[in-house]
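The values are calculated or read from the model by the stated rules, or taken from the named source; none is laboratory data. Everything quoted here is computed from the prediction, not taken from an experiment. Every residue, glycine among them, receives a Cβ derived from its backbone with ideal geometry; neighbour counts consider all protein chains shown.
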Amino acid sequence: MKQGAAELTLAEGRLYTPPVMLLLSATFILTLARAMTLPYLVVYCAERFGLGVADVGLALGLALMASSLLSLYGGFLVDRFSSYQILLVAGSLFALAFGVAFHTAMLSVFFLAIVVVNLAYAVIDIAVKACIGSLVVAQRRGAVFSVKYTLTNIGFAAGPFLGVMLAKVSPGVPFAAAGLVGAVFVLAYALLGEKLSTPGTSVPAEQGFLKVLGYLFKDYRLVCFTLGGLLSVIVFGQFSAYLSQYLLVTSSPERTYQLINYLVTTNACVVIGLQYLVGSRINQGNLFRMLCLGMLFFLVGLVGFSVAEQVPVWVIAMIVFTVGEIIIIPTEYLFIDYIAPAHLRGIYYGAQNLSNLGAALGPVLCGLALSLYQPQVMFYVLCLCVVLATGFYYMGCKAKEGAHDSL
């Protein structure tokens, strides 16, 4: 017992080594760059290309879905090459695509660039998570994943404010600035990354993408967690979108703008303030209990939204809802890390990334519910998603290891 405690203490002391700090820095810097452009995509497309809001929304949704699907192959590449190669190439594509988006006057080229930006960002995210899995002792990965998620949210919170200032110069400047930030990261990583890089996992060359993909589909636990994750992302991935839809139906546009501003700010503050405190307490021994607790917070938050009328009630419901979010995300990371073979961590995280499709499905599902039923029914549909997600998580957690052949 004393020896184990000493080993854990040693591991904790080495938790934030230079490679880990470099990976966390990559997460923050590239998230900040991407977030500078997100609020202006719709407006920029409408002004530069003359598209209607509905057409822009459809095109951006398709771009997100395409990049999520392609990131599965990106995860396969993460397992084939070193982290230095992956981050350098993906970072270069990230910067180049933003530069193309800034310069092009062709709509098709612009949306292709946005797909590449999202894909490169997803691949970098997969590589960072896979590297954390190989660099950090299992008992402490929850803490590092929580720091990573906190930095991601800080980037998404600060990026739009920088974008506002840059957009005052010209609507396209945030895209140019994002490309420049990406280029600076690539140059810095080219100098520092090779010394701190983790090697590739040497997947046998004969194990092609389709064979590995077939292996993934046979992993019952991964399938269950991917489906559970997709249902969860429907609930929290684009909460501002479906809450805006609900408020527009039940109140005025002015009240909608006011409330959404309060709720998004509340969400960001709770995530930044509590993510590490909560996430550092998640470990492989309490994964399912924490998943159930997170889902309970989701349910309470959704019920609170359904009955809320006054601003304080909305804010309290958002606080509860956000606690569910900050529990679920690192817990999902840890579960995938737990079930993934060491040489397939990249593609396992790529498969988990497919759950982001739920972010595109959420507003569609909620819009359908709002058009067919009473407004509050939308929240009951989301509660059903929470229950179904919990069921898939349960099946994934209880499934036996090694239910299929090894690769």
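With respect to the conditions (1) surrounded by fewer than 20 Cβ atoms within 10 Å (Cβ to Cβ); (2) assigned to a helix (DSSP H, G or I); (3) at pLDDT 85 or above, Leu248 falls short on a single one, namely (3).
For the stretch 296-311, the set of residues classified as part of a helix (DSSP H, G or I) and either of a type in the set (Ser, Thr, Tyr) or over 20 Å from Ile272 (Cα atoms) (or both) consists of Leu296, Leu299, Val300, Leu302, Val303, Gly304, Phe305, Ser306, Val307, Val311, listed by residue number.
Yes/no per residue for (1) of a type outside the set (Ser, Thr, Tyr); (2) within 28 Å of Ser371 (Cα to Cα); (3) under 18 Å from the mean Cα position of the chain (by Cα):
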residue: Tyr246; (1), (2), (3): no, yes, no
residue: Val300; (1), (2), (3): yes, yes, no
residue: Val303; (1), (2), (3): yes, yes, no
residue: Pro312; (1), (2), (3): yes, yes, no
residue: Val320; (1), (2), (3): yes, yes, no
residue: Tyr333; (1), (2), (3): no, no, yes
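Would you confirm whether or not the stretch 113-133 contains a residue that is over 20 Å from the mean Cα position of the chain (by Cα), over 19 Å from Ala190 (Cα atoms) and in a helix (DSSP H, G or I)? No, the stretch 113-133 contains no residue that is over 20 Å from the mean Cα position of the chain (by Cα), over 19 Å from Ala190 (Cα atoms) and in a helix (DSSP H, G or I). Can you name the condition, by its number, that Asn283 falls short on among (1) at pLDDT below 90; (2) within 21 Å of the chain's Cα centre (by Cα); (3) farther than 28 Å from Ala369 by Cα; (4) in a helix (DSSP H, G or I)? Looking at each condition in turn, Asn283 falls short on (4).
When you go through Ser25, Ser68 one by one, which is the residue that is within 25 Å of Ala143 (Cα to Cα), assigned by TED's automatic domain parsing to the domain that holds Ser170, in a helix (DSSP H, G or I) and not hydrophobic (A, V, I, L, M, F, W, C)? After ruling out the rest, the residue left standing is Ser25. Note on the stretch 149-181: residues that are of a type in the set (S, T, N, Q), part of a helix (DSSP H, G or I) and without any contact (Cβ under 8 Å) to a residue 40 or more places away in the chain total 0. Taking first residues from the stretch 114-127 that are in contact (Cβ under 8 Å) with a residue 24 or more places away in the chain and partners that are of a type in the set (D, E, K, R), the Cβ contacts under 6 Å between residues at least 6 apart in sequence or on separate chains come to Tyr121/Arg34.
May I ask you to verify whether Tyr373 is farther than 17 Å from Leu299 by Cα and buried (at least 19 other Cβ atoms within 10 Å of the Cβ)? Working first, answer last.
Values: farther than 17 Å from Leu299 by Cα: yes; buried (at least 19 other Cβ atoms within 10 Å of the Cβ): no.
It is false that Tyr373 is farther than 17 Å from Leu299 by Cα and buried (at least 19 other Cβ atoms within 10 Å of the Cβ).
Set side by side, the residues Val249, Val271, Val315 differ, and just one is over 27 Å from Leu64 (Cα atoms), in contact (Cβ under 8 Å) with a residue 24 or more places away in the chain and in the same structural domain as Tyr393 (by TED's automatic domain parsing), which is Val315.
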